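A short write-up of the structure that comes next.
Values in this text are rule-based calculations from the coordinates and carry no lab data. All of these numbers come straight from a predicted model, not from anything done at the bench. Ideal geometry is used to build each Cβ from the backbone, glycine not excepted, and the neighbour counts take in all protein chains shown.
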Amino acid sequence: MSGSIPLVDLSRQHRPLKQELEAAFARVMEKGDFILGEAVTRFEREFAAYCGVRHGVGVASGTDALHLALVAEGVGPGDTVITTSTTFIATALAASYAGAEVAFAEVEEDTFNMSARTLEEAVASARRRGARVKAVVPVHLYGRPCPMEEIMEAAARHGLAVVEDACQAHGAVLPDAAGPARRAGSAARSGCFSFYPGKNLGGAGDGGMVVTDDEALAARLRLLRNYGQERKYVHLLRGFNSRLDTLQAEVLSLKLPHLDGWNRERAALADAYREALASFPALSGKVIAPSAPTRGTHIYHIFAVRTPRRDELLAHLHARGIFAGIHYPIPIHRQEAYAHLGMGPGSMPVSERLAAEELSLPLFPGMTGDEVGRVVEAMAGFRG
Ligand SMILES: *Cc1c(COP(=O)(O)O)cnc(C)c1O
């Protein structure tokens, strides 16, 4: 019953893999193929197959995956990209890097995600303002997949390219009504992943990937990530320098076989949280846990509860060595970086309320049921 509980503890995931990881490092040092080495091609194949698509293009980060996917879809200056305001800033930055303007769709309160309904509203409102809406980036926030079937239908109605931000959803199963199970990132033409160390599948540094079934798009992405270079010193377009390191590919390749197990462990911890929270009448109605999906899976990159006295509860937990967190305290439309959009307080009520109420509880593979119990007990002791 002692010791602090971190939000994430990667060492518990890495300790059992220590020898394999060290051997992988040694292999890369020995071989010296640091950039776009053999292990990158291998991991691209492995991760694309895991997602159920044909091609994977390794890039330097999740942000770059989104940026290059938008560029590959032809998004550029004069275009508007619709995404949600309740996400990590990188989703919007990627559109900005492509030279496009961003517009925001509201999120559904119970999922923190875009739906066809909120997308339709955002398209209509952007078009009323004269925007040329070109693409939409649904974000599978916290590891809960968006309703991609209805979003793809709505996007098709409006002629929009779709780029999935699956940076928090490695391995999550989409809530499709029909057909075989599909993973997040495989519904749209391109699915973007981050391998930032803290993600459900993370490297030993930055990394990312775009997965796609479209061979021409994959070829374009391979040019874009490597100076627009087809052969050495032959440049077909003004590309970027954004490659996945061989070292990262080695680490990721080694960790990929564990991903489903880690995701199941996360889901079991989420169930344990729901059960523990329900056992304290004092918390009922005050702390709302995320619902377990009835279709598809949620991989709980973040276990996000909602609570009206969030900041006080967070301080109470920190004082007791429980390092809960907030994702994300300021919605993007209220960030200084996007002040030019002129969106004042109250312009996106649901996103703003969720930003004020969201609390991320510690959850990571290797966390124990006892630790879940201690987090919830500490929450029940909050008398504000
Ligand atoms: C992590 C993340 C990104 C960016 O990925 P990086 O690898 O950190 O660049 C983009 N979108 C979402 C939703 C993320 O969580």
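Some notes on this structure:
- Counting Cα-Cα pairs of the range 77-130 in 10 Å increments starting at 0 gives whole-percent bin shares of 26, 51, 22, 1.
- Spatial extent of the range 237-348: Rg and Dmax, with the Cα atoms as the point set, Å: 19.6, 62
- Label point distance in nm, Arg238-Arg383, each placed 7 Å from Cα along Cα→Cβ: 6.5
- Beta bridges by DSSP in the chain, antiparallel share as percent, to the nearest 5: 55
- Extension gain for Arg132-Ala181 works out to 14.2 nm (0.36 nm per residue, less the C-alpha to C-alpha distance).
- Bins of 10 Å, starting at 0 and running to the largest distance - Cα pair percent for the range 105-223: 14, 41, 34, 11, 0
- Per residue of the chain, the DSSP helices (runs of n ≥ 4 H) give a summed -39500 (n - 2.57) that works out to -11500 deg cm²/dmol at 222 nm.
- Residues Met114, Met379, arranged from fewest to most other Cβ atoms within 10 angstrom of their Cβ, appear as Met379, Met114.
- Equivalent ellipsoid semi-axes - Cα gyration tensor, the chain, angstrom: 33, 28, 18
- In this structure, Gln229 and Ala124 have a Cβ-Cβ separation that, at R0 = 45 Å, corresponds to a calculated FRET efficiency of about 0.60.
- With the simple spin-label model, which puts each label point 7 Å out from Cα in the Cβ direction, the Ser4 to Arg45 separation comes to 4.5 nm.
- Peptides ranked, highest mean first, by Cβ atoms within 10 Å: ranges 303-312, 136-145: 136-145, 303-312
- Each residue in Thr63, Thr294, Thr368, Thr111 was given a count of other beta-carbon atoms within 10 angstrom of its own, and listing them fewest first yields Thr294, Thr368, Thr111, Thr63.
- Tail weight of P(r) past 15 Å, computed on alpha-carbon pairs of the range 220-298, percent: 73
- Stokes-Einstein diffusion of the range 28-175 at 10 °C, 1.306 mPa s viscosity, Kirkwood radius from Cα pairs, rounded to a whole number: 98 µm²/s.
- Between the listed residues Gly179, Tyr233, Tyr196, the Cα displaced farthest toward the positive end of the dipole of the range 163-258, a dipole computed from Cβ unit charges relative to the Cα centre, is found at Tyr233.
- The amide H of Arg183, built 1.01 Å from its N in the peptide plane, has Leu174 as neighbours under 5 Å, considering only residues 5 or more places off or on other chains.
- In nm, spacing of pseudo-spin labels at Ile330 and Ala23 (7 Å Cα→C-beta vector): 4.7
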